[in-house]
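The values are calculated or read from the model by the stated rules, or taken from the named source; none is laboratory data. From a predicted model like this one, the values you see are computed outputs, not experimental measurements. A quick note on method: Cβ atoms are made from the backbone with ideal geometry, for glycine too, and the neighbour counts reach across all protein chains shown. Heavy atoms of the whole protein, side chains included, go into the accessibility calculation; ligands, DNA and RNA do not. Shrake-Rupley method; radii C 1.70, N 1.55, O 1.52, S 1.80 Å.
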Amino acid sequence: MKRLFVILSLFALISCSKDEVFETESFPLVKSMNTFCVDSISVTRDAVLSLADSLYGSVNTNIWVSNAPVSASDTLIFNRITKAFSPDYLSWLVIVDMHPMANWGHECTYLFVNASTMETEERTYTMLPSDIGLINLEKSYEPENAGSGEMFDFTNMHKAGRSVSSLSSGNRWAVIISGGVNVYNNYERYWNDCSAIYSALKSYYGYTDNNIYVLMSDGTNPAADLNTRNGFISSSLDLDNDGVADIDYSATKPNISAVFNALGQNVQSGDDVFIYVIDHGVANSNGSYICLWNNDDISQSEFKNEVDKITTDANVHIVMGQCNSGGFVSEFAGRPNTTIATACKANESSYACQYIDYDEFVYHWTAAVCGEYPGGSDADADYDNDGEVSIYEAFYYANENDVFVGGIEIDGRTCIETPQYASNSTYFGYHHGLTGKLFDLPTLTGPSDVKITTYGVYQVHN
């Protein structure tokens, strides 16, 4: 196993080893209040299924129906971002996701069906209920040619395993975060996204296992935490298929804080830190949030506080693929020596690829920094032909190839994401990459006393 902290005082501070999982508080889940009188139920679940089919059966989308009637005024979602309650009467719950390719949170329909009268009431919320056992998926969205694309396999990519002798002399660090929310919402594509970038960092850029922190869903817990086409399974801990476990911790706020404590202790001036976030995100009037494991979350300002534990003399590059990720841009745009690239604006959803189990923006971003897609087709993001792909070039390429930029129609629904980019210094991302600093910006030196009628000799550097 890798190390978490190399400084003994830090061990004492958090009182745990890298193999241990930090605990976090969870918000209240759906209350167990199904103690209603059976005689009050005159509407059967089969009748509700028929109603859902008549209303939404012709639409290619996801539809869930509650396994039992929901008690009056029951708590469906309760956290600092969203609060959702059932009506003040016994009801069946039908949830319809009209944007099934979007990551959560995005608007979906909660249809409450009165268990006595079959009258309906429609509400809009931006997440599924906290208790995944409350509902059952009755109809699943099936995109055309789903799963037909090739997956990243760095053992067969011809550009992987290059010499890293010419890379920046500073240390390179990385943090990969994928919260997942819970087993129902932790889609297989998030594991694939993390696997691809982890493998790229190791195989193509020479990052070491010890310098890559991975926080994903329930961490090393052997319980099922991943939603796949074949059912719920426990995530493989081996992201790059080398037989060594790579996932270190569950994706919780205490673990994120502990990891950035360690980075704050170890990252030095001139080092490079790459931060990668994928899965779900949500937003409200207070800003954007990253969804974490066990229905937890971290806000844009809280995440900024964690990153600020790293010295501003280090080079920090952030890539985010979750919904509403653009809200984080305002936090980091003014941070020295920092770039941030996001899949979408603060008020937008981010989307999955149409034909392959990755997320659209980060899929192209990863291909850009590797120079190729799965199967070996070129992803030529080296626009200045200097032999390296800069952080800005990777963003530009992903933005240029993201099919959702500008919006596309899928099954009569408009899907749009607008990638965002910012850095404190306009050209900082142009001359830095995952290798570190690529080159110095051009400078001009020469005599300072030259007047309009005289001449001087100047030299252009870099």
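Could you grab me the full set of residues in the range 418-441 that are farther than 19 Å from Tyr358 by Cβ, part of a loop (DSSP other than H, G, I, E, B) and in contact with a Phe, Trp or Tyr (Cβ under 7 Å, 6 or more places away or on another chain)? Residues satisfying the conditions are His431, Thr435, Leu441.
Count of the range 395-454 residues, restricted to those that are of a type in the set (Val, Ile, Thr), touching a residue at least 40 places away in the same chain (Cβ under 8 Å) and closer than 26 Å to Phe328 by Cβ, is 4.
Quick grid of which residues meet (1) modelled with pLDDT under 90; (2) out of contact with any Ser or Thr (no Cβ under 9 Å at 6 or more places or on another chain):
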| site | (1), (2) |
| --- | --- |
| Val38 | yes, yes |
| Trp64 | no, yes |
| Ala72 | no, no |
| Asn79 | yes, no |
| Asp88 | no, no |
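Hey, among the residues in the range 221-250 that are among the polar types (S, T, N, Q) and free of Cβ contacts under 8 Å to residues at least 40 places away in the same chain, which one's most open to solvent (accessible area, probe 1.4 Å)?
Looking at residues that are among the polar types (S, T, N, Q) and free of Cβ contacts under 8 Å to residues at least 40 places away in the same chain, I get Asn230.
Scanning the range 389-417 for residues that are assigned to a loop (DSSP other than H, G, I, E, B) and surrounded by fewer than 20 Cβ atoms within 10 Å (Cβ to Cβ) gives Val403, Val405, Gly406, Gly407, Asp411, Gly412, Ile416. Scanning the range 205-220 for residues that are assigned to a loop (DSSP other than H, G, I, E, B) and open to solvent by 50 Å² or more (accessible area, probe 1.4 Å) yields a single hit, Thr208.
Count of the range 439-456 residues, restricted to those that are modelled with pLDDT under 75 and within 54 Å of the chain's Cα centre (by Cα), is 5.
Scanning the range 57-110 for residues that are under 18 Å from Arg45 (Cβ atoms), open to solvent by less than 20 Å² (accessible area, probe 1.4 Å) and small (Gly, Ala, Ser) gives Ser66, Ser71, Ser86, Ser91.
Working carefully through the options Ser301, Ser285, find the one that is more than 16 Å from the chain's Cα centre (by Cα), at pLDDT below 95 and either on the phi > 0 side of the Ramachandran plot or not aromatic (Phe, Trp, Tyr) (or both). It is Ser285. Among the residues that make up the range 251-258, is at least one of them within 20 Å of Ile132 (Cα to Cα) and surrounded by 24 or more Cβ atoms within 10 Å (Cβ to Cβ)? So far as the range 251-258 goes, yes, one or more of its residues are within 20 Å of Ile132 (Cα to Cα) and surrounded by 24 or more Cβ atoms within 10 Å (Cβ to Cβ). From the list Val259, Val214, Val183, the one residue that fits, being under 16 Å from the mean Cα position of the chain (by Cα) and farther than 23 Å from Phe152 by Cβ, is Val183. Scanning the range 306-353 for residues that are surrounded by fewer than 24 Cβ atoms within 10 Å (Cβ to Cβ), polar (S, T, N, Q) and assigned to a helix (DSSP H, G or I) returns a single hit, Ser330. Remark: pairs (first residue in the range 206-218, touching a residue at least 12 places away in the same chain (Cβ under 8 Å); second residue part of a strand (DSSP E or B) and open to solvent by 10 Å² or more (accessible area, probe 1.4 Å); Cβ separation under 6 Å; 6+ apart in sequence or on different chains) = Tyr207/Arg172; Asn211/Trp173. Take the conditions of a type in the set (Asp, Glu) and crowded, with 24+ Cβ neighbours inside 10 Å and apply them to Glu360. Does it pass? Yes. Does the range 278-291 contain any residue that is under 22 Å from Tyr184 (Cα atoms) and in contact with a Leu (Cβ under 8 Å, 6 or more places away or on another chain)? Checked the range 278-291: no residue is under 22 Å from Tyr184 (Cα atoms) and in contact with a Leu (Cβ under 8 Å, 6 or more places away or on another chain). Could you grab me the full set of residues in the range 151-186 that are among the hydroxyl-bearing types (Ser, Thr, Tyr), modelled with pLDDT under 95 and in contact with a Leu (Cβ under 8 Å, 6 or more places away or on another chain)? Listed by number, the list holds a single entry, Tyr184.
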